[in-house]
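The values are calculated or read from the model by the stated rules, or taken from the named source; none is laboratory data. Bear in mind the structure is a predicted one, so any value in this text is a computation, not a measurement. Glycine also receives a Cβ, built like all others from the backbone with ideal geometry; neighbour counts cover every protein chain displayed. Remember, those area values only see protein heavy atoms, side chains included, never the ligands or the DNA or RNA. Shrake-Rupley method; radii C 1.70, N 1.55, O 1.52, S 1.80 Å.
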Amino acid sequence: MDSEHWRAVITAAQAGDRRALDELVAGWLPLVYNIVGRALNGHADVDDVVQETMLRAVGNLGSLRDPDSFRSWLVAIAMRQIRDRARRKTPDRLEEAPASDFADLTVLRLQLEGQRREVAEAVRWLDDEDRQLLSLWWLEVAGELTRRELAAAVGITRQHAAVRVQRMKERLETSRGIVRALDGACPGLRELTGRWDGRPDSVWRKRLARHIRGCGYCGGTRETVVPAERLLVGIALVPLPVGFTLSLAFGGKTAVAATSAGWSVKLLGALTKPAVAVTAGATIVAGGAYVVTQPPDAPPPRAAIAPTATATSEPPRTSAPPAPTPRSSPSATTKTDPYGTVVDAVDRAPDADTPPAALPRRPESGITSTGGPKAVMQHRGDRVTLTGRGYVLVRWQISPASRPGALVMPSWTGLKGRLFHVASGGSRRMDDPLPGAPNGYATGMGGPGIGYAVLPPGTQQMWQNEYFYLDGTVTLTQNERGCDYGLIVFPTDRDAVVEDIGQGPPQGAIRYGLVRDTGTDSAPVPQYVTRETPADPATVPQRSRV
């Protein structure tokens, strides 16, 4: 930023210039939002801490003697508010899940790919102190802060800062290795994480790091690992979310109380004077409320589709099947049940002891996957493109223990060719009771001890393993918005499908699988599928026609 320009803006704001104050807040709000958001990893308290930081900065602006030190002064205020928030919170409150995972926001809003994405996701595995330091170091290597400002904000010498940054970087590289390994297909790692609830913490970071150090598969890298600082150079600030509101109003304070609390008379008059100004994409309205808006030349925001179901204290129940989809009348020129008009409807679970029908044979030449033999999709926006002719397994892993609530379902986009839902297996439906369920679970959808995963109305209940047949190409995207869930996608073959769905109660499973394939074009088409390629895959309608 132009230091001469900001020196003039700060001096004018200190003198009570309302326009200068507007520009000051709008110009520096993104920096504070990035520091706090990354330090707290998108916790629900981010907005409160950002607001308190800006309130204190505006309220004490008159005490700033050197305008050139404004940035380090503002960053130090933000760090104090972050530490104060940690001291005010009880241990159980500190364990609350983020309201909006900042790693996801960083990846999506900056469109990070490859190893840059890996660094952003590795932040989840750092402890609070490391994450606070990283929130400053990230901005240092991106050119937004200096090392002197970083050290001043933390309250240590530059030499001590260098030592702490180096230790934090070592733990960040360990965390990058964990992110990389979890995306792989190591059988040993899969067995180890079978007891993991999906929430990153220091205990599991150490366990997974020990496994990676001793594992030839996880320890070997398929590409040169670029140091994090080289990946982060020049990365822009994560933009403020549209609709972000920052209120600088006094609330219940009187003018006298505000003045006695340290507010200058000129600033008090400026803040309480009704005004509307638009600067840098932020609007300040009467009373001092900043609301982030879309600049006139910005593209429209991607639609955010709110889940159509909400969390409930009762377990999910399957509803009666809806009326069948109307079919066209047969005629000499019209085909009954043309491909794409039969959409999978909500059904009841078959009797557990009923073996599945025979699975029809379809041509197989094999499926190639951009995710390799095992694509692990654990976060919103993860995707895999499948091409060829053959069978695909999508395995569900739902984690209401991490965050319960409504599910926003994955979607199939860019379909070329045909896609059928051919079978369901894995020895259980996700809403089947789990014998001896641990950690508050009653079914795979959750339980009274942790909350439930809830499907949108009319959505087909998933089984542990869902099988599809593809003849063409299609992209599957993970659209997590509410309850945590993960998908693992494997190209497979008919023999593996038959073996899976044939496992039933006699073999110790909860139930046999279910065959859905009719062998014709009237086989079910999966829900949430389209031939289009929308900017936001979560906007795909539930009952698409392909």
Taking C186, is it crowded, with 17+ Cβ neighbours inside 10 Å, touching a His at 6+ places or on another chain (Cβ under 7 Å), within 27 Å of L487 (Cα to Cα) and hydrophobic (A, V, I, L, M, F, W, C)? no
Identify all residues within segment 2-50 that are among the aliphatic types (A, V, I, L, M) and under 16 Å from V238 (Cα atoms); write none if there are none. A26, L29, L31, V32, I35, V36, A39, L40, V46, V50
Kindly evaluate F490 against the criterion of being open to solvent by less than 20 Å² (accessible area, probe 1.4 Å) and either not acidic (D, E) or not in a loop (DSSP other than H, G, I, E, B) (or both). no
If I filter segment 323-342 for residues that are surrounded by 14 or more Cβ atoms within 10 Å (Cβ to Cβ), assigned to a strand (DSSP E or B) and at pLDDT below 95, do I get at least one hit? no
Might you let me know whether segment 468-485 holds any residue that is at pLDDT below 90, surrounded by fewer than 22 Cβ atoms within 10 Å (Cβ to Cβ) and among the polar types (S, T, N, Q)? no
List the number of the failed condition for L126; all other conditions in (1) under 26 Å from D22 (Cα atoms); (2) open to solvent by less than 40 Å² (accessible area, probe 1.4 Å); (3) modelled with pLDDT of 90 or more hold. (1)
Within segment 168-185, the residues that are part of a helix (DSSP H, G or I) and of a type in the set (A, V, I, L, M, F, W, C) are M168, L172, I178, V179, A181, L182
I'd like the residue in segment 142-164 that is part of a helix (DSSP H, G or I) and under 10 Å from V75 (Cα atoms) and, out of all such residues, is most open to solvent (accessible area, probe 1.4 Å). A152
If we ask which residues in segment 31-54 are surrounded by 20 or more Cβ atoms within 10 Å (Cβ to Cβ) and part of a helix (DSSP H, G or I), their number turns out to be 13
Pairs under 6 Å by beta carbon, first residue within 13 Å of L136 (Cα to Cα) in segment 155-179, partner of a type outside the set (A, V, I, L, M, F, W, C), six or more apart or different chains? M168/D130
Using the structure shown, decide if L192 is aliphatic (A, V, I, L, M) and buried (at least 19 other Cβ atoms within 10 Å of the Cβ). no
For Q132, indicate whether it is surrounded by fewer than 22 Cβ atoms within 10 Å (Cβ to Cβ) and assigned to a helix (DSSP H, G or I). no
Being open to solvent by 10 Å² or more (accessible area, probe 1.4 Å), of a type in the set (S, T, N, Q) and under 14 Å from Q132 (Cβ atoms): is that true of N60 here? no
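Based on this model, can you work out whether V392 counts as in contact with a Ser or Thr (Cβ under 9 Å, 6 or more places away or on another chain) and either within 22 Å of D495 (Cβ to Cβ) or open to solvent by 50 Å² or more (accessible area, probe 1.4 Å) (or both)? Write out each step before concluding.
Working: in contact with a Ser or Thr (Cβ under 9 Å, 6 or more places away or on another chain): yes; either within 22 Å of D495 (Cβ to Cβ) or open to solvent by 50 Å² or more (accessible area, probe 1.4 Å) (or both): yes.
When the stated conditions are applied, V392 passes them.
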Among the residues of segment 403-421, is there at least one that is under 27 Å from the mean Cα position of the chain (by Cα) and open to solvent by 30 Å² or more (accessible area, probe 1.4 Å)? yes
Can you report the number of residues in segment 19-30 which are buried (at least 19 other Cβ atoms within 10 Å of the Cβ) and either farther than 24 Å from I82 by Cβ or not β-branched (V, I, T) (or both)? 8
Restricting attention to segment 493-546, report how many residues are of a type in the set (A, V, I, L, M), open to solvent by less than 20 Å² (accessible area, probe 1.4 Å) and under 28 Å from P363 (Cβ atoms). 6
Any idea how many residues of segment 371-397 are among the β-branched types (V, I, T) and at pLDDT below 90? 1
